[in-house]
Amino acid sequence: MSTSSSSSSSSSSSTTTGSLSRRRSTPVDSGLGWLDDRLGVAKGGRIFMDKIFPDHWSFLLGEIALYSFVVLLATGVFLTLYFVPSAAQTVYHGVYKPLDGVKMSEAYASSVNISFAVRSGLVIRQMHHWAADVFIGSIAVHMCRIFFTGAFRKPRELNWIVGVSLLFLAIVNGFLGYSLPDDLISGTGIRIAYSILLSIPLVGSYLATLVFGGVFPGDGSIIPRFFILHVLILPAIIAGLIGAHLFMLVRQKHTQFPGHGRTEDNVVGSPMFPTFMAKTTGFLFMVTGVLWALGGLAQINPIWQFGPYVPYKISYAVQPDWYMGWLDGAMRIMPSWEFAGFGHTIPFMVFLPGVLFPGLTSILFIFWPFIEQKLTGDRAEHHLLDRPRDRPRRTAVGAAFLAFYFMLFCASSTDVLANFFQVSLNVVLWTFRFVVFIVPIIVGLFTYRICLDMTGVSHVGKRKRAVLIVRSATGEYTTVDTEARPGDGHHELEPMLVPGFIEGLDGDGAEGGEPGVRRVVRRP
Amino acid sequence: MSDVTTDEPGGLAEGHAPKEPLPLASFDDPHLQPLAKQPARAEGVVGILLLLGLLGFAAYGAVYWVGGQPQVEGISLGVGLFCFGFGLSAWGKYLLPQGPFMEKRHKLASSDDERAAMAAAIVERGGMMVKRRSFLGGILGIGGAVMGVVLAFPLLRSLGPVPAKTFDVTNWHKGSRLVDNLGRPVHVADLEVGGSLTVFPEGYTSEEAMAVDQTILIRVAGPDVDVVTEPSRATWGPDGYLAFSKVCTHAGCPVGLFQHQTLQLLCPCHQSLFNVGQGRPATNVFGPAPRPLPQLPLYVDESGFLRSQAGYDQPIGPGFWERTTT
């Protein structure tokens with residue numbers, strides 16, 4: 001019996017036949033046989049179960065997004081059972097006494113009710129909001145991973161486009177979602193969205209009145225319209241695109257970092273069943289657990305403090321949710337350029353940051369794989385990932401863009417910053433108008449320099465091992481490698497195909513051992 | 001099973017890697033050993049984690065049963081789910097075969113023949129459909145286009161009214177009495193110098209009307225002072241009162257903050273700042289707002305209530321394509 005780590009293809013076929021014939025039939029065999037006779041699932045099913053998923057912590061980022069979406073669907077269904085998507089006015093007489101007798105929309109009243117009168121409602125409402133934030137955040141970070149490691153290169157350009165679309169759809173759906181409670185802050189956001197629609201040349205006023213059912217606030221149809229977009233249309237598109245995203249992932253197989261035994265022609269990692277399934281299902285529970293704990297412990301969007309939306313009221317420090325911050329920041333630092341003449345007006349100070357800028361951003365993101373192909377001339381297929389430092393120019397460009405959007409994000413809190421640092425709003429605003437362009441350039445140049453300096457460092461795909469410094473009795477210092485951590489030996493074995501059959505499980509030749517318990521001496 | 005497949009053990013191998021037997025491993029192959037150095041201990045840890053999860057679920061159930069409390073609900077079920085998941089993940093990572101396993105990448109692209117065949121199917125077989133049938137094709141194309149256009153009618157046009165002149169008008173007219181949000185008329189003695197109030201034209205109390213008509217009334221001087229923001233508006237500010245549209249000319253937020261010491265109106269949304277007062281017709285001095293706030297001409301009637309001399313002389317609020325220059 002071979003204990004070598006070579007691929008099992010060296011095993012003789014007679015052994016395989018023997019193992020097959022000696023297999024005891026189990027209830028699974030007969031059940032599977034019944035299904036296989038009708039659907040032919042055994043072959044494809046086993047190939048699917050043998051599917052390899054490479055291990056790297058950064059590959060979990062997309063899973064966080066996926067599981068946040070699962071949580072969003074589950075909590076969202078719960079919320080729809082109690083939310084009333086109506087702008088009809090009502091007078092609140094619920095359990096939250098500070099709002100007793102206040103006139104408000106049904107949407108706001110039902111949101112307050114979910115928070116106070118539905119058991120576990122507050123936790124699930126806050127969990128939904130947290131899950132949305134985590135969903136968009138993890139998509140953004142996942143996208144950074146894809147970008148900096150070059151995972152968008154051929155043949156994965158289409159999946160990159162699907163991913164970018166998911167990011168923007170998620171942002172739009174997030175905005176629609178936090179607009180639904182019709183509180184003072186979200187209502188102000190809807191008002192700004194109306195002005196952004198209005199700013200579009202030629203069709204703006206038509207678009208705005210059609211969408212809102214009249215001049216703002218319209219005939220009260222905006223809440224039900226946002227609602228159906230938020231709970232049905234966009235989630236359906238997002239779910240479909242996630243399906244396409246995963247289908248392409250399965251079809252093209254996952255990328256992997258270079259390392260021992262990993263080539264452009266294979267994928268090294270854990271099999272779908274049961275290893276990956278156990279790990280990823282556990283991870284689903286972990287993400288859900290964190291979101292649930294956040295929903296219970298970390299207050300988010302306390303709408304009952306903001307009060308219902310009243311068109312002539314406004315509060316201090318009006319900020320959108322964080323993922324809209326880059327747009328709000330752009331709105332704030334934009335100079336007051338409005339072009340008028342020939343009987344027409346183009347409110348460029350809203351149209352540029354509100355429409356053109358996000359439009360250009362999405363186009364740039366979508367076309368990035370092709371832009372890079374054009375710039376580098378590299379049109380080959382890639383399945384091994386780049387280390388960011390090995391692609392200093394791409395990394396520098398990415399870092400500069402991140403800095404740009406982060407600066408815009410910071411610019412959406414000019415008022416808060418001015419207040420906090422006790423400087424004039426004027427100074428803060430003008431600082432941002434420059435900083436938004438200067439900081440990305442500096443960040444890009446620094447990143448480029450750092451990448452060049454780091455390129456020489458080796459240890460690709462190796463885990464760091466601690467080194468003990470030992471002083472002997474004579475005062476001499478020596479370094480000793482510490483014992484390998486679990487998983488270190490893992491990388492030193494040659495990868496093997498997932499075995500179809502495991503020999504000796506039934507006790508023949510196993511010397512009574514239990515698989516998975518008996519230790520085998522590993523090569524150092 | 002045919003003779004050919006019996007030669008290839010299992011007969012199932014063709015999908016995995018053609019002409020290769022299904023891989024087989026001995027149970028003591030190092031790839032199949034768990035990652036944990038001490039599996040028994042790892043098993044104990046996993047067991048404890050799963051039990052903690054179970055305890056968390058039970059705790060949540062108990063909290064819910066006795067009436068619920070958001071923080072305790074959050075911590076019980078949150079910790080429960082996390083531990084349960086952590087246990088399962090640890091089971092997968094430390095107690096299942098460590099690998100590393102691999103699969104081969106097969107070429108995604110089809111063979112040249114297959115490509116050519118598909119292209120031929122589209123161009124040639126598909127071509128047979130339209131060849132010498134360009135008339136039918138034309139009707140099909142035009143019909144599809146017309147269908148698309150007419151289907152857009154209910155999708156778009158039914159949504160709401162077209163704007164017409166609605167952007168130009170507010171409900172302020174000659175003689176409109178200024179009332180507060182509860183409909184109480186504003187008397188000339190109501191505001192102190194430095195005070196401000198949101199006012200509406202009397203008789204228009206719906207939320208839709210208030211959104212458009214909202215006007216900020218400020219008092220910058222005492223009685224008998226006519227505040228002249230610009231020469232052509234000599235009589236617009238009687239008894240120290242000034243009124244401006246409260247809808248910001250930038251993005252339409254209510255310009256809610258009157259700073260009476262600096263005589264400025266501030267929009268909290270994007271920090272547009274407007275100078276008001278003697279010789280200061282709500283000029284935009286800072287921030288993204290492109291135009292001054294329109295001013296409402298006021299007068300004091302014989303019983304001392306504030307009224308508007310006329311409506312606004314220009315469209316209020318943010319700019320739009322049809323807005324004529326003033």
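The values are calculated or read from the model by the stated rules, or taken from the named source; none is laboratory data. This structure is a prediction, so every number in the text was calculated from the model and none was measured. Note that we place each Cβ from the backbone using ideal geometry, even for glycine, and neighbour counts take in every protein chain shown. For accessibility, only protein heavy atoms count, side chains too; no ligands or nucleic acids. Shrake-Rupley method; radii C 1.70, N 1.55, O 1.52, S 1.80 Å.
Things to note:
- Length available on full extension from A:Q252 to A:V416: 0.36 nm per residue minus the Cα-Cα distance, which gives 54.3 nm.
- Evaluated on the stretch B:119-159, the Kirkwood hydrodynamic radius is 12.1 Å, with distances taken between all distinct Cα atoms.
- Inter-chain shielding of A:180-192 (mean C-beta neighbours from other protein chains, 10 Å cut-off): 2
- The residues of the stretch A:57-382 expose, per residue, 38 Å² of accessible area to a 1.4 Å probe.
- Across the accessible surface of the protein assembly as shown, with the other protein chains kept in place and a 1.4 Å probe, carbon and sulfur atoms take up 66 percent.
- Cα gyration tensor shape for the stretch B:28-102, rounded if a/c is under 1.5, else prolate or oblate: prolate
- Put simply, the C-alpha atoms of the stretch A:387-459 give a gyration tensor, and the ellipsoid matching it has half-axes of 33, 10, 9 Å, longest first.
- Assigned charges on the beta-carbon of Lys, Arg, Asp, Glu; chain B dipole about Cα centre (debye): 660 debye
- Cα-based shape type of the stretch A:86-240, given that a ≥ b ≥ c are square roots of the gyration tensor eigenvalues and the cut on a/c is 1.5: oblate
- The stretch A:200-359: proportion of alpha-carbon pairs further apart than 18 angstrom, %: 81 percent
- Helices assigned as whole DSSP H runs in chain A whose Cα atoms extend at least 27 Å along their own long axis and whose mean Kyte-Doolittle hydropathy is -0.5 or higher are found at A:60-80, A:121-148, A:157-179, A:277-297, A:392-411, A:425-454.
- Comparing the full protein assembly with the isolated chain (1.4 Å probe, heavy atoms, ligands and nucleic acids excluded), the residues of the stretch B:251-269 losing at least 30 square angstrom of accessible area are B:A251, B:P254, B:P268, B:C269.
- Per-residue mean of foreign Cβ neighbours for A:204-217 is 6 (Cβ atoms of other chains, 10 Å radius).
- Database remark: amide H of B:F286 closer than 5 angstrom to the amide H of B:L273 (H placed geometrically; neighbours at sequence offset of 5 or more, or on other chains; Pro and chain starts carry no H).
- Note on chain B: with a GNM built from Cα contacts shorter than 10 Å, the maximum mean-square fluctuation among B:D28, B:D313, B:D213 falls on B:D28.
- Look at the stretch B:275-288: the mean tally of other chain Cβ atoms within 10 Å of its residues' Cβ atoms is 2.
- Sites A:W337 and B:S158 - FRET efficiency at Förster radius 35 Å, r taken between beta-carbons, to 0.05: 0.50
- Every pair of different Cα atoms in the stretch B:130-200 enters the Kirkwood calculation, which places the hydrodynamic radius at 18.2 Å.
- Accessible area buried, both sides summed, chains A and B with 1.4 Å probe, Å²: 10600 Å²
- The stretch between A:Q89 and A:I47 holds 9.3 nm of extra length on full extension. This uses 0.36 nm per residue minus the Cα-Cα distance.
- Close amide H partners of A:F53, meaning residues 5 or more places away or on another chain with modelled amide H under 5 Å apart, are A:S270, A:M272.
- Relative intensity, log₁₀ I(q)/I(0), of the stretch A:262-310 from a Debye sum that treats every alpha carbon as a point, q = 0.28, 0.29 Å⁻¹: -0.98, -1.00
- A Cβ-based charge dipole, computed about the Cα centre of chain A with Lys and Arg at +1 and Asp and Glu at -1, lands at about 500 debye.
- Counting only protein heavy atoms and a 1.4 Å probe, the stretch B:269-326 has 32 square angstrom of accessible area per residue.
- HN-Hα J in Hz across the stretch B:155-163 - Karplus 6.51, -1.76, 1.60, θ = phi - 60°, x for Gly and Pro: 5, 10, 5, 5, 4, x, x, 7, x
- Nearest-0.05 FRET efficiency for B:F57 and B:D180, computed from C-beta distance (R0 56 Å): 0.55
- Taken per residue, the accessible surface of the stretch B:78-166 reaches 70 Å², heavy atoms only and a 1.4 Å probe.
- The aspartates and glutamates within cross-link reach of A:K313, meaning a Cα-to-Cα straight distance under 16 Å and a gap of 8 or more places when in the same chain, are A:D182, A:D183, B:D180, B:E207, B:E208, B:D213.
- At 0.890 mPa s and 25 °C, Stokes D of the protein assembly as shown from Kirkwood alpha-carbon radius, µm² per second: 77 µm²/s
- Whether chain B is rounded, prolate or oblate, judged on the alpha carbon gyration tensor where a/c under 1.5 counts as rounded: oblate
- Peptides B:100-107, B:63-70, A:283-290 ordered by average Cβ neighbours within 10 Å, highest first: A:283-290, B:100-107, B:63-70
- Under a 5 Å amide H cut-off, with hydrogens placed 1.01 Å from N, B:L257 pairs with B:L266 among residues at least 5 apart or on other chains.
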